[in-house]
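The values are calculated or read from the model by the stated rules, or taken from the named source; none is laboratory data. Since the model is a prediction, treat every value here as computed from it, not as a measurement. Glycine gets a Cβ as well: all are built from the backbone with ideal geometry, and neighbour counts include every protein chain shown. Quick note on the areas: whole protein, heavy atoms, side chains included, nothing else; ligands and nucleic acids left out. Shrake-Rupley method; radii C 1.70, N 1.55, O 1.52, S 1.80 Å.
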Amino acid sequence: MSTAIFVTFVRHGGCQVRRGALLKSLVLQDNTCVTSTTNRRPFSSRFDPDGSGRPATWDSFGIWDNRIDEPIQLPPSIKYGKLIPQISLSKVGCSTQLGKRKENEDRFNFARLTDEVLYFAVYDGHGGAAAADFCDRFMENYIKEFLKQEKNMEIVLNKAFLEIDKAFARQAHLSVDASLLNCGTTATVALLRDGIELVVASVGDSRALLCRKGKPLKLTIDHTPERKDERQRIREKGGFVAWNSLGQPHVNGRLAMTRSIGDLDLKAVGVIAEPETKRVTLHHADDGFLVLTTDGINFIVNSQEICDILNQCHDPSEAAQVLTEQAIQYGAEDNSTAIVVPFGAWGKHKNTEIAFSFSRGFASSGRWA
């Protein structure tokens, strides 16, 4: 006969265990007791209404209004002492739009790197798609190798960014295509371990934000010459910052960002590939989603608007599509790309009133908010 696994929740009391079962139990931080029992015969209960033995889901317990039906991960829940849903890659939404450019130089990807670690990334190429293509093709491999050596995912991502930049430089110097020397890409990469430990690394002006209780929690800061610390490094290395006719600063009059992968002709003047990183512990009762976006979206839609737009959508696939399409409708000319990763509170914080200002300046709150 088949073996069934049950997860039982008993609030403000002890754990219920069937006689003759093998027991694992844990009192969680909210005084909820999680019990895993192994039994020989499935039985029907309010925790397993169809007697199938499938893990109970968030909706089954009515913990919150969630439209992503995912089972609870028992080992991570026991390890971290809180309820952690399974994050399924099949539920991740992604979309990219060409905009008014001749070529879409944005790239995006997501994958399971190990049993515990998921990978999400967006790359926004400039001067050609070669650097973005290189990262899209090889970043996973570098991260996998460093994960074998290092537990700290911030260190892993830092090493991966620096090594992939060196590898691209080697390829560019061996190539007969001189244009590879002045092409580059942003890189915003997120790693999620056990469905709860989130680490983001970024260079350039692609972004990552977490929607928590319907509000944006920014996980990246744009690397632009407008930042005093970034501008100082450029000047100390012998570079300069020039403003164009729209008032936008550029390194040596060419590049709108101060960190990137590639842009080999500007490495000597302080354009670096070292990422800034951010570590967050997810709270699935409050966290609706992670979204990675390129500047075609960030230029025209601010962080709160991104949360509001996505919270109106039925599922992450629709959300990513709506976000990129609305960026184009609002006037974005650049390529627009989004990856939407749903968490436990997906669909909980719906804002019925969305205000969008069509009159604001492109170079003000729309880009930097």
Determine which member of the set Leu246, Leu266, Leu255 is more than 27 Å from the chain's Cα centre (by Cα), at negative phi and modelled with pLDDT of 95 or more. Leu266
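Yes or no, residue by residue, for (1) of a type in the set (Lys, Arg); (2) in contact with a Gly (Cβ under 6 Å, 6 or more places away or on another chain):
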site	(1), (2)
Thr185	no, yes
Val189	no, no
Val200	no, no
Leu210	no, no
Lys213	yes, no
Ile221	no, no
Lys228	yes, no
Phe240	no, no
Mind listing just one residue for me: the one in region 209-221 that is part of a strand (DSSP E or B) and in contact with a strand residue (DSSP E or B) (Cβ under 6 Å, 6 or more places away or on another chain) and, of those, nearest to Thr96 (Cα to Cα)? Leu209
When residues of region 182-208 are filtered for being open to solvent by 10 Å² or more (accessible area, probe 1.4 Å) and outside any loop (DSSP other than H, G, I, E, B), how many remain? 4
Of these, Phe161, Phe138, Phe168, which one is open to solvent by less than 30 Å² (accessible area, probe 1.4 Å) and within 18 Å of Phe120 (Cα to Cα)? Phe161
Of everything in region 82-97, what is more than 13 Å from Gly195 (Cβ to Cβ) and surrounded by fewer than 15 Cβ atoms within 10 Å (Cβ to Cβ)? Give them in sequence order. Ser90
Residue identified as surrounded by 22 or more Cβ atoms within 10 Å (Cβ to Cβ), at pLDDT 95 or above and in a strand (DSSP E or B) among Ala132, Ala121, Ala111: Ala121
Subset tally (residues that are in a loop (DSSP other than H, G, I, E, B) and among the polar types (S, T, N, Q)) for region 282-317: 3
Meets criteria (within 28 Å of Ile196 (Cβ to Cβ) and among the acidic types (Asp, Glu)) for Glu318: yes
Using the structure shown, decide if Ser175 is without any contact (Cβ under 8 Å) to a residue 24 or more places away in the chain, over 30 Å from Ile72 (Cα atoms), open to solvent by 10 Å² or more (accessible area, probe 1.4 Å) and not basic (Lys, Arg). yes
Is there any pair with a first residue in region 76-104 that is closer than 30 Å to Asn335 by Cα and a second that is surrounded by 16 or more Cβ atoms within 10 Å (Cβ to Cβ) and at pLDDT below 85 whose Cβ atoms are under 7 Å apart and which are 6 or more apart or on different chains, and what are they? Ser88/Glu70; Lys91/Ile68; Gly99/Ala332
Could you say whether any residue in region 281-290 is crowded, with 24+ Cβ neighbours inside 10 Å and touching a Ser or Thr at 6+ places or on another chain (Cβ under 8 Å)? no
